[in-house]
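The values are calculated or read from the model by the stated rules, or taken from the named source; none is laboratory data. Please read all numbers here as calculations on a predicted model, not as lab measurements. Here the Cβ positions follow ideal geometry from the backbone for every residue, glycine too, while neighbour counts run over all protein chains shown. Please note that ligands, DNA and RNA were not included when accessible areas were found on the heavy atoms of the full protein model with its side chains. Shrake-Rupley method; radii C 1.70, N 1.55, O 1.52, S 1.80 Å.
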Amino acid sequence: MSAIDLAASVRRGEVTATDALATALRAIDARNDELNVFLHVDRDGAEARARAVDDAVASGRDPGPLAGVPVALKDNLCTRGVPTTASSRILEGWRPPYTATVVERLVAAGAVPVGKTNLDEFAMGSSTETSAFGPTRNPLDPERVPGGSSGGSAAAVAAGMAPLALGSDTGGSIRQPAALCGIVGVKPTYGLVSRYGLIAFASSLDQIGPFATSVADAALCLEVIAGHDPRDTTSLPEPAPALVDHLDDGVAGRRVGLVSELVEGADADVVAQVERAAAALEAAGAQVVRLSIPELRLGLSAYYLIAPAEASSNLARYDGVRYGRRVAADELGAMNEATRTLGFGDEVKRRIMLGTYALSAGYYDAYYGQALKVRTRMIEAFRRAYEQVDVLLGATAPSVAFRFGEKTANPLAMYLSDVFTIPTNLAGEAAVSVPFGTGEAGLPIGVQLLGPGRSEARLLAAARVLEVAS
Amino acid sequence: MKSGWEMVVGLEVHTELRTATKLFCSCANEFGAAPNTHVCPVCLGLPGSLPVLNERAVEMAMSIGFALRCTIAPSTFHRKNYFYPDMPKNFQISQYDLPINSSGYLDLPDGSHVGIERAHMEEDTGKSTHLGASGRLHGAERSLVDYNRAGVPLVEIVSAPDIRSAAQARLYVAELRRVLIATGASDGRMEEGSLRVDANVSVRRPGAPFGTRCEIKNLNSLRSLQRAIDYEADRQIELIEDGGTVRQETRHWDESTGVTSTMRVKEEAEDYRYFREPDLVDLAPDAAWRDRVAAALPPMPGVRRTALLQHLVDPTDAQREAVEVVLDLDLDRYVHGAAEAGLDAATALARTANEVAGAEDGADRLSVEAFIGTLRLEASGQLSATQAKTVLADLLAEGGAPEEVVARRGFTQLASDALDGIVDEVIAANADEWSRYRDGDDKLAQFFIGQVMARTRGQANGKAVVEILRSRRG
Ligand SMILES: [Zn+2]
């Protein structure tokens with residue numbers, strides 16, 4: 001059942017939130033050992049919440065638009081009293097004393113958080129293989145990755161363990177796993193959703209967004225979590241845009257740009273589906289043009305300087321002094337070093353070193369400074385493109401879900417998984433990945449719709465057209 | 001300081017701001033609370049927490065900028081990255097290439113002028129206590145950290161290298177402290193660490209380029225500041241004269257031994273890897289906000305000092321000191337009030353700096369009108385100096401009008417006629433002294449005043465006594 005239908009049934013008293021939760025927990029129990037989707041299932045908390053929703057319905061109060069809908073949370077979202085690890089040994093056992101704004105908003109809307117999902121350690125990865133607690137398997141083919149870094153949240157929705165999930169997207173970490181798991185994923189405009197309570201990877205790029213099995217569910221979830229938060233200075237001051245009301249706006253008269261750099265190097269089956277999506281949008285009344293934005297090619301290298309630079313600073317706080325894991329040693333410096341050596345995995349260490357180097361005296365201008373210039377050029381290039389078209393179209397990922405170990409030996413091959421998604425993060429804009437057809441081995445393919453800041457309504461309406469045509 | 005040498009000093013002064021809450025969270029900004037009681041996810045740097053800039057801290061920073069005649073410009077925040085257990089995030093949020101205040105100056109009471117390069121905002125760190133023999137981090141058996149101070153707003157005021165003596169450095173910090181207190185942004189307490197000073201000291205031959213500088217830390221009072229700078233300049237001169245060269249380093253002042261010693265040399269200096277703080281947006285106070293802050297600013301000590309000194313002709317050192325007392329205690333209104341009423345400003349200044357300043361909270365009860373009234377009675381000879389001081393003391397203790405005190409104490413009876421009689425009695429009783437006085441021994445006037453005072457229990461006006469003596473001398 002979709003989240004919208006489930007919430008409607010719960011609000012009408014036809015289904016109890018407790019029953020909806022039981023269904024979700026059965027699905028989790030059936031496959032969590034096999035797929036390693038949830039790092040922690042908060043049964044007690046979820047049952048209490050579901051009962052509260054049912055009590056509200058019974059006493060005639062409206063529990064909200066997500067009444068009784070089980071939601072999976074990426075384990076880099078802080079939840080008061082509930083273990084939160086970012087899939088890192090260094091935070092093992094840590095229970096935050098506060099809850100992320102997005103989770104508070106979900107709960108206020110009647111949703112029932114069921115647990116915390118696996119991710120690449122500190123969201124650094126594209127396959128969930130860098131998790132300190134083992135990889136998550138793709139529910140559609142357990143020999144393959146679910147994508148990453150929000151692989152656990154994508155897998156939870158794809159496996160029917162929860163109708164909705166939240167992930168975070170720094171360079172594609174919602175859209176790429178959504179594509180690989182055959183579901184909808186939204187990377188909102190930077191600042192549309194509060195980051196308060198999201199364990200930071202790269203602060204200027206991170207953004208929280210929804211996973212859902214349908215465009216409408218994703219729109220509803222995003223509407224609930226979006227909007228200004230006084231606890232996040234970078235959150236946009238304007239009221240959140242209406243999304244659900246515009247789902248059926250269609251694409252008639254819209255100008256869509258099929259971007260050559262957003263299919264370049266993708267597998268043939270992926271390119272074919274993007275072409276088919278262009279045709280479907282055209283058939284629905286859009287005007288499709290082909291265009292090239294060469295600056296997008298610079299995105300990957302700029303991203304792999306900016307994101308690690310910010311991460312090197314964001315992750316400095318994990319030193320064993322105040323919380324999380326501590327590896328004892330005689331002296332402070334030695335304790336810091338031992339804690340970080342054992343607490344962080346290889347990918348996290350690689351990025352901390354990369355970022356530290358990029359910011360160092362004597363290298364800053366050549367690396368970090370240069371990357372910031374590229375970022376400015378990227379923003380300019382998008383701005384020019386949006387003078388010609390309303391929406392950009394491309395692939396979400398270069399291939400369907402790949403096999404375990406296929407890209408772990410070569411970090412650069414792994415980094416290329418995000419080549420189509422990174423530019424949106426650098427520009428702080430919005431993008432949606434929507435499943436559209438299948439490719440190799442019958443696995444799903446996602447196409448990506450990109451738009452300027454605060455264009456979510458437009459993108460979701462276009463995604464809805466593709467969803468119907470698919 | 002050895003002749004043929006000149007010292008060059010620049011000072012970095014950190015002041016905590018007196019905001020109700022911390023710079024980036026709503027924890028109380030309060031000194032002296034039980035350890036780790038004013039903390040929250042933000043100032044503990046917990047994963048996922050985000051800073052939100054305190055507007056009041058921005059206003060106080062702007063107040064300091066206005067008071068120091070700075071340019072107030074759009075600014076940004078950076079992260080200064082280094083590992084230290086006092087710093088919850090292992091980076092400090094500070095302003096770097098674009099500070100809120102830049103290019104100002106401060107005029108000192110001695111007429112000298114010190115440039116202000118910048119006055120930027122940043123967050124304070126926590127405070128460590130190291131248990132064990134050394135009392136320092138290295139070699140400690142155990143270290144405890146109190147994060148109550150972590151995230152307290154600071155403004156760092158960086159002077160130009162315009163200071164040329166330890167005494168001038170002291171004068172600068174004293175005047176800056178007065179300015180900071182006047183703005184309401186700081187309580188100026190050096191001993192509690194809410195005002196902290198680091199000194200950059202170098203020496204050179206007059207006219208030569210700047211020498212290599214050393215930064216001196218741990219200067220907890222004006223006295224240690226002055227001593228440390230003098231010591232350090234002498235150390236550098238001696239070193240150079242002995243054929244050595246000064247090494248750029250950070251040095252620690254030891255108040256008990258009176259020497260500075262190496263903390264770390266430049267090669268060991270951290271690479272702070274500054275970059276823009278992505279969790280904060282640019283800070284660009286609009287003109288209306290800036291104007292509101294500027295308009296709310298009281299007159300600064302320099303302006304007030306000039307106004308007070310204007311009442312005096314060739315002020316003495318004692319009078320200059322009295323002016324500083326009046327400034328520090330905010331008692332200007334008495335001096336101005338009396339001077340504007342045509343009374344003697346020197347007397348008004350003396351009475352304010354002694355009697356009024358000496359009475360704790362007395363200024364709350366003594367109105368300017370009552371002060372002027374008392375001085376007027378003294379000037380007209382109706383009250384002796386001693387009586388005037390007594391009247392002021394009563395007014396400071398209980399309030400009211402001087403006439404009431406005068407009546408209650410019976411001071412009026414001694415005026416004019418009564419005094420004539422007493423003086424005549426004293427002359428009659430001391431014929432020998434009187435004849436010597438009459439022959440020109442003016443020093444004996446003091447003797448007669450003393451006699452009159454004894455008979456009137458100090459209630460006579462000395463000046464009036466002398467006038468009567470002169471009239472009797474013919
Ligand atoms: Zn706090």
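Observations, loosely collected:
- Selection of GluC sites (Glu not before Pro), segment B:214-254, meeting DSSP coil and at most 14 other Cβ within 10 Å: none
- Multiplying each eigenvalue of the alpha-carbon gyration tensor of segment B:303-390 by 5 and taking the square root yields semi-axes of 19, 15, 12 Å, largest first, rounded to whole angstroms.
- Set of aspartates and glutamates with alpha-carbon distance to A:K373 below 12 Å, sequence-local pairs under 8 removed: A:E295, A:D365
- Distant-in-sequence amide contacts of A:Q287, defined by a placed amide H-H separation under 5 Å and a gap of 5 or more residues or a different chain, comprise A:G253, A:R254, A:R255, A:V256.
- Stokes-Einstein diffusion for segment A:3-240, with the hydrodynamic radius set to the Kirkwood value over Cα pairs and evaluated at 10 °C in a medium of 1.306 mPa s, equals 93 µm²/s.
- Formal net charge of residues neighbouring A:A385 (Cβ-Cβ distance under 11 Å; K, R +1; D, E -1): -3
- Applying D = kT/(6 pi eta Rh) to chain B, where Rh is the Kirkwood radius over alpha-carbon pairs, T corresponds to 37 °C and eta to 0.692 mPa s, the Stokes-Einstein value obtained is 124 µm²/s.
- Per residue, the convex hull volume that the Cα atoms of segment B:363-449 enclose (Å³): 103 Å³
- Here the scattering of segment A:1-74 is modelled by Debye summation over its C-alpha atoms, one equal scatterer each and no solvent; at q = 0.17, 0.24 Å⁻¹ the log10 of I(q)/I(0) is -0.61, -1.06.
- Computed on the Cα trace of segment B:416-473, the radius of gyration divided by the Kirkwood hydrodynamic radius gives Rg/Rh = 0.91.
- Accessible area buried between chains A and B, both sides summed, probe 1.4 Å, in Å² to nearest 100: 2700 Å²
- Built amide H within the under 5 Å cut-off of A:V263, gap 5+: A:A395
- Long-range tail of P(r) for segment B:187-234 (Cα pairs > 17 Å, %): 41 percent
- Note: relative contact order over chain B, using C-alpha pairs below 8 Å and six or more positions apart, is 14 percent.
- Inter-chain neighbour count for B:48-55: the average number of beta-carbon atoms from partner chains within 10 Å of each residue's beta-carbon is 6.
- From most to least packed by mean Cβ count within 10 Å, the peptides B:448-461, A:226-239, B:148-161 give B:148-161, B:448-461, A:226-239.
- Convex hull volume per residue for segment A:184-291, taking Cα atoms only, in Å³: 147 Å³
- Å² per residue, accessible surface of the protein assembly as shown at 1.4 Å: 39 Å²
- Centroid-to-centroid separation of segment B:423-474 and segment B:190-236 [C-alpha atoms, Å]: 58 Å
- 3J(HN,Hα) couplings calculated from phi for segment A:290-299 with the Karplus curve 6.51 cos²θ - 1.76 cosθ + 1.60 (θ = phi - 60°) are, in sequence order, 9, 9, 10, 10, x, 4, 4, 5, 7, x Hz; Gly and Pro show x.
- Kirkwood Rh, angstrom, chain A [1 / mean 1/r, Cα pairs]: 21.9 Å
- Each Lys or Arg adds one and each Asp or Glu subtracts one; over the other residues with Cβ under 10 Å from the Cβ of B:P99, this totals -3.
- Residue-averaged beta-carbon neighbours from other chains (10 angstrom radius) around A:226-233: 3
- Computed Kirkwood radius, in angstrom, where 1/r is averaged over Cα pairs of segment A:135-233: 13.3 Å
- Shape call, segment A:301-366: gyration tensor on alpha carbons, a/c limit 1.5: prolate
- Estimated Rh, segment A:298-456: Kirkwood, alpha-carbon pairs, angstrom: 18.3 Å
- Debye intensity ratio I(q)/I(0), log10, the protein assembly as shown, q values 0.06, 0.07, 0.10 Å⁻¹ (C-alpha model): -0.58, -0.71, -1.11
- Centre separation in Å (Cα based) which lies between segment A:403-438 and segment A:20-88: 28 Å
- Taking every residue in A:331-341 and counting other chain Cβ atoms within 10 Å of its Cβ, the average works out to 2.
- Charge sum, other residues only, whose C-beta stays under 10 Å from B:R178's C-beta, Lys/Arg counted +1 and Asp/Glu -1: 0
- The share of accessible area on the protein assembly as shown that comes from carbon and sulfur is 50 percent, using a 1.4 angstrom probe.
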